[in-house]
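The values are calculated or read from the model by the stated rules, or taken from the named source; none is laboratory data. What you see is a predicted model, and the numbers here were worked out from it, not measured in a lab. Reconstructed Cβ throughout: ideal geometry from the backbone, glycine too, with neighbour counts over all protein chains shown.
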Amino acid sequence: MAYNKKNYNKRAQFIIDVYKNAKHSDVPDTKIVRTIFPKFNIFISYRQWMNIKGMPIPKENQAQLSLFSA
C-alpha cells in the first residue's frame, strides 16, 4: 500500500474517519467495506480493514512541531 510509514498512517487515519462518519449501530462493518469505502476510492478487503481498525494511530506531537516555528 505505502512504503513510507507516515503515508500509511495518513491513509489509515483517512479510512478511519470515513468509517466513523458512516458507522451507526445498525450498519455492519462488512457493508461499510463493501459499499461506502469504494465511494471514497478505498478498495480494501475486510481483513485489511480489521488490521487498520486495530492498529494504534500515532498523534502528531505539537511540542515537536513548535520547535520549527521559531
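Residue by residue through segment 36-70, note down the ones that are at pLDDT 90 or above, in a helix (DSSP H, G or I) and of a type outside the set (Val, Ile, Thr). Residues satisfying the conditions are Phe37, Pro38, Lys39, Phe40, Tyr46, Arg47, Gln48, Trp49, Met50, Asn51, Lys53, Gly54.
Just to be sure, is Val33 assigned to a helix (DSSP H, G or I), surrounded by 11 or more Cβ atoms within 10 Å (Cβ to Cβ), in contact with a helix residue (DSSP H, G or I) (Cβ under 8 Å, 6 or more places away or on another chain) and in contact (Cβ under 8 Å) with a residue 24 or more places away in the chain? I'd like the intermediate steps shown before the answer.
Details: assigned to a helix (DSSP H, G or I): yes; surrounded by 11 or more Cβ atoms within 10 Å (Cβ to Cβ): yes; in contact with a helix residue (DSSP H, G or I) (Cβ under 8 Å, 6 or more places away or on another chain): yes; in contact (Cβ under 8 Å) with a residue 24 or more places away in the chain: no.
When the stated conditions are applied, Val33 does not pass them.
Within segment 1-29, work out how many residues are part of a helix (DSSP H, G or I) and within 20 Å of Lys59 (Cα to Cα).
So in segment 1-29, the residues part of a helix (DSSP H, G or I) come out as 5-22, 29.
Narrowing further to those that are within 20 Å of Lys59 (Cα to Cα): 5-21.
Total satisfying the criteria: 17.
In segment 37-58, the residues that are among the aromatic types (Phe, Trp, Tyr) form Cβ pairs under 7 Å with partners that are surrounded by 12 or more Cβ atoms within 10 Å (Cβ to Cβ) and assigned to a loop (DSSP other than H, G, I, E, B), at six or more places apart or across chains, as follows: Phe37/Ile44.
Of all residues in segment 8-30, those satisfying the criterion of being within 13 Å of the chain's Cα centre (by Cα), among the basic types (Lys, Arg) and at pLDDT 90 or above are Arg11, Lys20.
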